[in-house]
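I have placed the structure first, in the form of structure tokens, so that the comments after it can refer back to it.
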Amino acid sequence: MPTFMVERSLPGIPMDALAAAQKRAIDTAAKMSRDGEPVRYLHSAFVPGDGRCMCFFEAPDAAQVERLNRTAEIPFDRVVAALDLRP
């Protein structure tokens, strides 16, 4: 399944709010998958100094990842195809 990166600008976000957003992404992905829309949250990276956050998902297309983030009410700047190069 293709991988997508969600870019977010979250300057000043408290860590508890960031953790809550991550939980919403995970829970929303699980619900969408149960409902027949396969999408999986993979992981995130956060840069506290400038509030940039990158979240990675597997899904058939970018539109499904956008739908997940809108449903979970997590702000995002864009969704782009990505290669997840973790070892």
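Using r as the Cβ-Cβ distance of residue 31 and residue 54, and R0 as 30 Å, what FRET efficiency do you calculate, to the nearest 0.05?
On the way: r = 23 Å, r/R0 = 0.76.
Calculated transfer efficiency: 0.85.
Could you calculate the contour length gain from residue 3 to residue 63, that is, 0.36 nm times the residue separation minus the distance between their Cα atoms, to one decimal place in nm?
Details: separation 60, 0.36 × 60 = 21.60 nm, distance 1.23 nm.
Once the chain is fully extended between residue 3 and residue 63, it gains 20.4 nm.
Tell me, what HN-Hα J-couplings in whole Hz come from the Karplus equation 6.51 cos²θ - 1.76 cosθ + 1.60 at θ = phi - 60° for each residue of region 59-70, using x for Gly and Pro?
So the Karplus estimates, Gly and Pro as x, are 6, x, 7, 5, 4, 5, 5, 4, 4, 4, 5, 5 Hz.
Using 7 Å Cα-to-Cβ label points, what is the residue 70/residue 19 separation (nm, one decimal)?
The modelled label-to-label distance comes out at 3.1 nm.
Let me spell out the model: positive unit charges on the Cβ of Lys and Arg, negative unit charges on the Cβ of Asp and Glu, origin at the Cα centre of the chain. What dipole size does that give, in debye rounded to 20?
On the way: 11 positive and 12 negative charges, 25 e Å.
Using Cβ point charges on Lys, Arg, Asp and Glu, the chain gives about 120 debye.
Contact order normalised by length for the chain, with contacts defined as Cα pairs under 8 Å and 6 or more residues apart; what percent is it?
Values: 143 pairs, mean separation 39.8, N = 87.
Once divided by the residue count of the chain, the mean separation gives 46 percent.
How far is it, in nm, from the label point at residue 86 to the one at residue 46 when both lie 7 Å from their Cα along the line to the Cβ?
1.7
Whole number please: convex hull volume per residue, Cα atoms of the chain, in Å³.
On the way: hull volume 7.9 nm³, N = 87.
For the chain, the hull spanned by Cα atoms encloses 91 Å³ per residue.
For region 37-87, what is the relative contact order in percent, using Cα pairs closer than 8 Å and at least 6 residues apart in sequence?
On the way: 44 pairs, mean separation 14.6, N = 51.
Averaging sequence separation for qualifying contacts and normalising by length gives 29 percent for region 37-87.
Every number here is computed from the coordinates shown, using simple stated rules; none is lab data. Quick caveat: nothing in here was measured; it's all calculated off a predicted structure. All Cβ positions, glycine included, derive from the backbone under ideal geometry; neighbour counts span all protein chains shown.
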